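Here the structure is laid out as structure tokens; the discussion comes afterwards.
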Amino acid sequence: MRVLGVDPGLTRCGVGVVEGVAGRPLTMLGVGVVRTPADADLGHRLVAVEQGLEQWLDEHRPEFVAVERVFSQHNVRTVMGTAQASAVAILCASRRGIPVALHTPSEVKAAVTGSGRADKAQVGAMVTRLLRLDAPPKPADAADALALAICHIWRAPAQNRLQQAVALHAAQAPRTARVPRTAQAPRTPQAPHVSNTPHTSKGRTA
């Protein structure tokens, strides 16, 4: 399995390609960042991110793309830039028919380090160890991209088994026979009983 991990961002979009299967040693095929100038027009920055990601897709031909799921932060501007870069990554992969998986930062940290609260230094150290690198990839966005790819390789088999089990359960579930509404005899509303006999009061005869 070959996975391109994308740590989305407008100024630095981390990218990393990892190949392997769960339970066996993994191999890093490439790592880097796609950069855009902070003072450039937003549209031009998004185009630059797209062009950079397209080059990585052309060069490495991944089978899957793993993108960090955007989560809420206090800095709204940062969230917007991250979401926009994430959308570009999803678009580039989907346009080529490559499946895209979204993983939260805590999922990635837990998969790589065993703790969902690990800091960037711990993630970088574990990525270096798992991929047998000489030094942690820099900047941290690049290490995070590799961590995303590793996370997907390790989590994909379990996710596939879960999806297959859900599909099998849905296929085997008994269907309750229901009579279509059109086949049911319509109900005729009952009209209230109206007497045609005039009402007369009973009086005493003198």
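Once the Cβ-Cβ distance of residue 59 and residue 168 is raised to the sixth power relative to R0 = 41 Å, the FRET efficiency obtained is 0.60. Find the relative contact order for region 1-130 and round it to a whole percent, using C-alpha pairs within less than 8 Å whose residues are 6+ positions apart. Rounded, it is 23 percent for region 1-130. Stretching residue 11 away from residue 83 to a fully extended chain increases their span by 24.7 nm, per 0.36 nm per residue minus the current alpha-carbon distance. Between residue 115 and residue 41, residue separation times 0.36 nm minus the direct Cα-Cα distance comes to 22.8 nm. With a cut-off of 12 Å between beta carbons, the residues surrounding residue 95 carry a summed charge of -1, where Lys and Arg count +1 and Asp and Glu -1.
For residue 75 and residue 125, what is the calculated FRET efficiency with R₀ set at 30 Å and r taken between the beta-carbons, to the nearest 0.05?
Working: r = 26 Å, r/R0 = 0.88.
The value I calculate is 0.70.
Sorting 71, 64 by solvent-accessible area of protein heavy atoms yields 71, 64, largest first, with a 1.4 Å probe. Distant-in-sequence amide contacts of residue 104, defined by a placed amide H-H separation under 5 Å and a gap of 5 or more residues or a different chain, comprise 69. Put the Cα centre of region 14-42 next to the Cα centre of region 64-124 and the gap is 12 Å.
The values are calculated or read from the model by the stated rules, or taken from the named source; none is laboratory data. If you're wondering where the values come from, they're calculated on a predicted model, not measured in any experiment. Every residue, glycine as well, gets a Cβ built from its backbone with ideal geometry; the counts of neighbours run over all protein chains shown. Ligands, DNA and RNA are excluded from the accessible area calculation, which covers all protein heavy atoms including side chains. Shrake-Rupley method; radii C 1.70, N 1.55, O 1.52, S 1.80 Å.
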